[in-house]
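The values are calculated or read from the model by the stated rules, or taken from the named source; none is laboratory data. This structure is a prediction, so every number in the text was calculated from the model and none was measured. Virtual Cβ from ideal backbone geometry, glycine too; neighbours counted across all protein chains shown. Quick note on the areas: whole protein, heavy atoms, side chains included, nothing else; ligands and nucleic acids left out. Shrake-Rupley method; radii C 1.70, N 1.55, O 1.52, S 1.80 Å.
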Amino acid sequence: MTEKAKAKMARIEDAARKLFTERGYRNITIDDVASAVGMARTTLYDYYKSKEEILYALVERNLVLGAEAPPPGPLAGRLRAAAAGSIGRLRRGFDLYRVIFAERPAMGGELGERLGRWQAGLLGMVRKLVDEAVAAGEYAPRGGVEGALFMYQAVLSQFLNRALIADDPGLLGRDDEGEAARLVELMLHGTGGL
């Protein structure tokens with residue numbers, strides 16, 4: 001894919017994100033997106049076949065692809081780095097999460113399948129960190145690895161749900177590292193000891 005094509009796709013995605021956020025996913029048509037970027041619908045179809053494809057690309061670019069492996073070191077620090085990355089993506093992508101969760105019924109079953117794959121990929125990194133720490137004798141979760149992962153996911157989900165229910169992204173805070181430290185403290189000491 002050429003840089004020019006990538007730039008056009010990014011323009012389409014950015015325009016769609018703005019429209020989805022301002023007017024709601026179900027209220028936007030592919031014609032609205034094409035008009036917002038100043039191109040014909042048929043030209044837009046060269047890049048995306050539907051608004052669902054645009055939403056999937058937005059989620060992958062903004063919420064999934066940013067997941068990087070944390071630096072080496074003790075488990076708590078590695079988990080804090082992973083959690084801070086997740087929290088930062090939650091904060092920066094709040095508008096996309098609102099679209100996904102508020103309008104999910106209008107999007108069909110494929111979204112649920114994709115969300116499951118994306119979530120599994122993100123949690124896979126945390127699982128790897130916990131598995132390595134357990135194998136090294138650094139961490140012994142009382143509820144096992146599954147319990148530790150459940151705690152991580154539950155606290156992170158509650159963090160996002162609180163803001164979504166209140167429709168207030170300010171509840172996500174601005175201190176990703178501080179929120180991550182609280183999450184990891186609860187996870188490590190709520191499911192086992194260091």
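When only the Cβ of Lys, Arg, Asp and Glu is charged (+1, +1, -1, -1), the dipole of segment 72-156 relative to its Cα centre reaches about 260 debye. Taking the alpha-carbon distance from K18 and a cut-off under 14 Å, which aspartates and glutamates remain once sequence neighbours fewer than 8 residues away in the same chain are dropped? Result set, ordered by chain and number: D32, D95.
Applying both filters, DSSP loop and at most 11 other Cβ atoms within 10 Å, to the trypsin sites (Lys or Arg not before Pro) of segment 39-81 gives K49.
Using a simple spin-label model with points 7 Å from Cα along the Cα→Cβ vector, what separation in nm is obtained for R117 and D131? Spacing of the two 7 Å Cα→Cβ label points: 2.0 nm. Between E185 and A40, full extension at 0.36 nm per residue minus the direct alpha carbon distance yields a gain of 47.0 nm. Per residue, the chain exposes 52 Å² of solvent-accessible protein surface, assessed with a 1.4 angstrom probe and all protein chains in place. If you roll a 1.4 Å probe over the chain with all protein chains in place, what percent of the accessible area is carbon or sulfur? Roughly 53 percent of what the probe reaches on the chain is carbon or sulfur. Placing unit charges on the Cβ atoms only, positive for Lys and Arg and negative for Asp and Glu, gives segment 1-147 a dipole magnitude near 280 debye about its Cα centre.
Close amide-amide hydrogen proximity is noted between A140 and G193, each under 5 Å apart and 5 or more residues distant or on a separate chain (H modeled in the peptide plane; Pro and chain starts excluded).
Here the gap between F101 and R61, fully extended at 0.36 nm per residue and compared with their Cα-Cα distance, gives a gain of 12.6 nm. Among M39, M151, M125, the largest mean-square fluctuation in a Gaussian network model of the chain (Cα springs under 10 Å) belongs to M39. Neighbours of K6, meaning other residues whose beta-carbon lies under 11 angstrom from its beta-carbon, give a summed charge of +2 when Lys and Arg score +1 and Asp and Glu score -1. By the Kirkwood approach, averaging reciprocal distances over each pair of separate Cα atoms, segment 18-106 gets a hydrodynamic radius of 14.9 Å.
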